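The values are calculated or read from the model by the stated rules, or taken from the named source; none is laboratory data. Note that the coordinates shown come from a computational prediction; the quantities given were computed from them, not determined experimentally. For neighbour counting, all protein chains shown are included, and Cβ atoms are generated from backbone atoms with ideal geometry for every residue, glycine included.
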Amino acid sequence: MSVDYEIAGRVAIVCGASTGMGFSSAMGLAKQGVNLLLISRSEEKLQSAKADISAQSDVDIEILPGSVSDPKLAQEAGDIALKTWNKVDVLLNNAGGPPMGSFLEQDDAAWSEALDLSLMSVVRFTRVVAPLMMERKWGRIINITSTLAKEPSGPMVLSATARAGVSAFSKSISIELAENNVTINTLCPGGVLTGRLRSLVEISAKNQNKDYDEVLKASESSIPLGRFADPEEFADMVVFLASERGRYLTGTTTMVDGGLTKSVF
């Protein structure tokens with residue numbers, strides 16, 4: 001028997017919704033009866049995602065092609081949601097990460113692009129939907145970032161800095177939002193076995209002249225639970241935070257990594 005999370009009829013804006021964790025999260029929400037505005041760069045992939053979700057649920061779905069780094073996209077998304085459903089209940093901030101590279105390799109343009117993609121997109125989308133949620137006295141804002149927010153690495157300085165900024169931003173505004181029953185939380189995935197991760201393992205296996213399963217097992221060996229997460233497992237966390245069951249959590253940053261992160265705080 002499936003669990004009823006009491007969010008049927010809600011409306012969610014899902015960024016990065018055409019593939020990976022964004023798609024799985026959108027599917028999880030749709031199965032709970034949540035109407036969706038799906039956002040991603042590729043209109044073709046969005047149409048495919050819409051068809052896949054529609055095949056397994058009976059919800060209203062709109063799509064909006066565009067990059068979340070575009071300063072105008074958040075307002076456009078808010079306008080579409082209001083015109084279609086007259087509300088926004090859930091916002092899922094999700095975007096691909098900035099490129100790798102050491103600190104000394106990154107110029108101002110690289111920093112600006114990274115912060116626009118991974119931090120300012122969260123600020124802009126939140127700024128658009130928060131007043132709508134506060135007016136209705138109900139809202140859920142969920143950010144997908146990375147374990148780099150708590151355990152930075154040198155080659156990922158752009159991503160680590162922006163991801164940590166999302167956690168700080170969310171914690172900072174959580175008190176103000178809480179007064180109107182709006183929560184904001186951040187999920188930091190480790191390895192999630194999406195199509196992208198599978199492709200990276202395949203490339204690694206080819207480069208090492210090894211079997212795919214051998215390289216996959218070696219990659220998973222450092223994870224205490226001994227495996228990467230299934231995308232649906234990650235989506236379960238999103239659905240929980242978006243639901244009435246998660247109503248007492250706000251301002252949190254949670255590692256969803258099978259125990260990989262060593263940081264206590």
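Some observations on this one:
- Pick from the range 71-97, criterion in a loop (DSSP other than H, G, I, E, B) and of a type in the set (S, T, N, Q), ranking: nearest to the chain's Cα centre (by Cα): 94
- The residue that is surrounded by the fewest Cβ atoms within 10 Å (Cβ to Cβ), counting only those in the range 20-51 that are assigned to a helix (DSSP H, G or I) and in contact with a Phe, Trp or Tyr (Cβ under 8 Å, 6 or more places away or on another chain), is 24.
- Some residue of the range 190-200 being more than 21 Å from residue 111 (Cβ to Cβ), assigned to a strand (DSSP E or B) and at pLDDT below 95: yes
- Where residue 213 falls short, out of the listed (1) at positive phi; (2) outside the structural domain of residue 92 (by TED's automatic domain parsing): (1)
- Scope the range 52-70; condition closer than 15 Å to residue 26 by Cβ, of a type in the set (D, E, K, R) and not in a helix (DSSP H, G or I); matching residues: 58, 60, 62
- The number of residues in the range 151-189 being in a strand (DSSP E or B) and either touching a His at 6+ places or on another chain (Cβ under 9 Å) or farther than 21 Å from residue 224 by Cβ (or both) comes to 6.
- Within the range 39-53, being over 19 Å from the mean Cα position of the chain (by Cα) and hydrophobic (A, V, I, L, M, F, W, C) holds for one residue alone: 51.
- All conditions but one from (1) at pLDDT 95 or above; (2) surrounded by 14 or more Cβ atoms within 10 Å (Cβ to Cβ); (3) touching a strand residue (DSSP E or B) at 6+ places or on another chain (Cβ under 9 Å) apply to residue 98; the one that does not is (1).
- Qualifying residue in the range 98-116 (condition: assigned to a loop (DSSP other than H, G, I, E, B) and in contact with a Gly (Cβ under 9 Å, 6 or more places away or on another chain)): yes
- Extreme residue, surrounded by the fewest Cβ atoms within 10 Å (Cβ to Cβ), among residues of the range 58-72 that are in contact with a strand residue (DSSP E or B) (Cβ under 9 Å, 6 or more places away or on another chain) and farther than 30 Å from residue 115 by Cβ: 60
- Candidate set from the range 71-95 (those that are modelled with pLDDT of 95 or more and among the small types (Gly, Ala, Ser)); member that is nearest to residue 132 (Cα to Cα): 78
- Members of the range 116-156 that are over 17 Å from residue 66 (Cα atoms), more than 15 Å from the chain's Cα centre (by Cα) and either at pLDDT 95 or above or not assigned by TED's automatic domain parsing to the domain that holds residue 23 (or both): 127, 129, 130, 131, 132, 133, 134, 135, 136, 137, 138, 139
- Candidate set from the range 179-218 (those that are farther than 15 Å from residue 144 by Cα and in contact with a strand residue (DSSP E or B) (Cβ under 9 Å, 6 or more places away or on another chain)); member that is surrounded by the most Cβ atoms within 10 Å (Cβ to Cβ): 182
- Inside the range 247-259, residues that are within 15 Å of residue 225 (Cβ to Cβ) and either touching a strand residue (DSSP E or B) at 6+ places or on another chain (Cβ under 9 Å) or surrounded by 15 or more Cβ atoms within 10 Å (Cβ to Cβ) (or both) make up a count of 4.
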